[in-house]
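See structure below.
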Amino acid sequence: MPTPSSSPTSPPLRIAIFGAGKIGSGFAFQLARAGHHDVTVIARPNSARLKQLQRDGGIVDIKGERARVEVRDTLDEAAPYDLVIVTLVDHQVDAVLPTLQRSAAKCIQFMFVTFEPERLEEAVGPERCAFGMPGVMAIFDGDGRLKLTIGSGGAKTTMSQQRWVDVFNAAGLPSAHEPDMPLWLRCHVPLCVAFESVSVAGERRSGGASWREARITARGVYQGYALIKGLGYQIYPKSKVRLNGLPTFALTFMLWMFSRIKSMRVLLATGEKECRALVDAMLAAAPRARPAVDVSRIKAMKPR
């Protein structure tokens with residue numbers, strides 16, 4: 001398949017983005033404004049964000065620059081979008097899977113952490129399923145305007161298909177191809193849960209998680225990786241292998257320190273529901289693991 005072009009002289013791609021939150025809005029802003037694509041944003045029906053996007057006629061950033069996008073509260077199932085990007089979180093996606101299944105979209109890319117990527121692939125069909133993980137940071141100011149941080153610390157959005165990497169790079173969204181994105185996402189779950197868990201604990205203390213909370217979370221991370229291996233998968237990539245090989249003190253210290261970085265703590269503490277849902281997903285898979293894992297340590301990662 002030819003690589004899509006985002007050049008202004010080439011026909012724009014039809015892209016729909018499911019989710020008008022920070023990440024979805026950031027992608028939409030860049031793909032529409034810098035990539036010159038025909039972008040539709042689907043926001044939750046009757047939500048304040050939907051009304052704001054309709055009122056503003058698109059997405060406005062903190063500089064007052066506007067990316068004009070079509071705003072809808074449902075996906076047009078008959079529209080043959082080149083790409084539908086789903087920026088919801090894993091526990092929210094079930095509500096929209098029937099719509100995605102019926103959609104005439106050529107490719108559906110799930111952009112979130114999931115412990116069971118196969119269920120998503122089965123839902124929409126492997127021939128049009130893609131996966132990714134956002135590498136941007138975004139917040140809204142008090143007026144709902146977007147502040148998008150791109151490429152901080154060399155961060156890149158990782159994606160399973162090179163053709164979308166090319167589209168994102170051309171739109172000013174640094175991206176990289178990951179050949180085994182489903183396994184990458186599965187192996188990111190224990191770490192994602194750990195960061196969110198200590199962030200929630202830290203916010204409740206208004207200054208960082210306790211050492212005990214960080215240690216409990218670290219032990220849960222090890223059991224999360226034991227679960228992945230017990231299900232017949234390898235730990236991937238090498239950075240996760242190294243992480244899993246750290247002594248308990250080192251991993252505890254890393255999580256304890258992370259919870260004291262206020263900007264990151266505040267951002268990830270908003271993921272409490274995602275954290276709980278991902279723990280539940282691991283617990284649901286645990287009975288299949290051979291050898292058995294200590295599910296009490298995985299369960300203990302849930303924010304209290």
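Report Rg/Rh for the chain, rounded to two decimals, where Rg is the Cα radius of gyration and Rh the Kirkwood radius. Working shown, then result.
Details: Rg = 19.5 Å, Rh = 20.1 Å.
Across the chain, the Cα-based Rg/Rh ratio is 0.97.
What is segment 245-303 by shape, rounded, prolate or oblate, if you read a ≥ b ≥ c off the alpha carbon gyration tensor as root eigenvalues and call it rounded for a/c under 1.5, prolate for a/b larger than b/c, and oblate otherwise? List each step's numbers first, then the result.
Working: a/c = 3.46, a/b = 1.44, b/c = 2.41.
Note, shape of segment 245-303 comes out oblate.
Hey, got a sec? Which chymotrypsin sites (Phe, Trp or Tyr not before Pro) in segment 1-100 land in a DSSP loop and have at most 16 other Cβ atoms within 10 Å?
On the way: sites: 18, 27, 29, 81; in loops: 81.
Sites meeting the loop and neighbour criteria: none at all.
Considering the alpha-carbon set of segment 171-215 alone, what are its Rg and its Dmax in angstrom?
15.3, 44
For segment 57-189, just the Cα atoms, rotate onto the principal axes and tell me the three extents in Å, largest first.
Taking max minus min along each principal axis of the Cα atoms, segment 57-189 gives 42, 35, 27 Å.
If we count every other residue with Cβ under 13 angstrom of residue 299's Cβ, Lys/Arg +1 and Asp/Glu -1, where does the sum land? If you can, show how the numbers build up before the last one.
On the way: positive: 219, 276, 297, 302, 304; negative: 280, 294.
The answer is +3.
Under the rule a/c < 1.5 gives rounded, and otherwise a/b versus b/c splits prolate from oblate, where does segment 184-251 land using the Cα gyration tensor?
Numbers: a/c = 2.45, a/b = 1.98, b/c = 1.23.
It is prolate, given that a/c is not under 1.5 and a/b is the larger ratio.
What 222 nm value per residue comes from the helices of the chain, counting each DSSP H run with n ≥ 4 as -39,500 (n - 2.57) and dividing by all residues, nearest 500 deg cm²/dmol? Don't skip to the end; give the middle numbers.
Numbers: 13 runs with 138 residues, N = 304.
-13500 deg cm²/dmol, from helical runs alone.
Using 0.36 nm per residue of separation minus the Cα-Cα distance, give me the extension gain between residue 54 and residue 248 in nm, one decimal.
Result for the pair: 64.9 nm of gain on full extension.
In nm, to one decimal, how far is the residue 95 label point from the residue 139 one, both placed 7 Å along Cα→Cβ?
If labels sit at residue 95 and residue 139, their model points lie 2.6 nm apart.
Using the Kirkwood formula on the Cα atoms of segment 1-139, what hydrodynamic radius do you get, in angstrom to one decimal? The partial results should precede the final answer.
On the way: mean 1/r = 0.0653 Å⁻¹.
Evaluated over segment 1-139, this radius sits at 15.3 Å.
What share of the DSSP beta bridges in the chain is antiparallel, in percent to the nearest 5?
Working: 9 of 31 bridges.
Antiparallel: roughly 30 percent of the beta bridges in the chain.
Nearest 0.05, what FRET efficiency do residue 294 and residue 257 give at R0 = 30 Å with Cβ-Cβ as r?
On the way: r = 25 Å, r/R0 = 0.84.
Efficiency, rounded to the nearest 0.05: 0.75.
Antiparallel as a % of all DSSP beta bridges within segment 56-152, to the nearest 5?
Values: 7 of 14 bridges.
Once the DSSP bridges in segment 56-152 are tallied, antiparallel ones form about 50 percent.
How much accessible surface area, in Å² rounded to 10, belongs to the heavy atoms of residue 282 with a 1.4 Å probe?
Taking all protein chains as shown, residue 282 has close to 0 Å².
What do you get when you divide the Cα radius of gyration of segment 127-248 by 2.2 N^0.38 Å, with N the number of residues?
Working it through for segment 127-248, the quotient is 1.25.
The values are calculated or read from the model by the stated rules, or taken from the named source; none is laboratory data. Since this is a predicted model, take the numbers as computed values, not measurements. With ideal geometry, Cβ positions are generated from the backbone for all residues, glycine too; neighbour counts draw on all protein chains shown. With ligands, DNA and RNA removed, areas are computed over all heavy atoms of the protein, side chains included. Shrake-Rupley method; radii C 1.70, N 1.55, O 1.52, S 1.80 Å.
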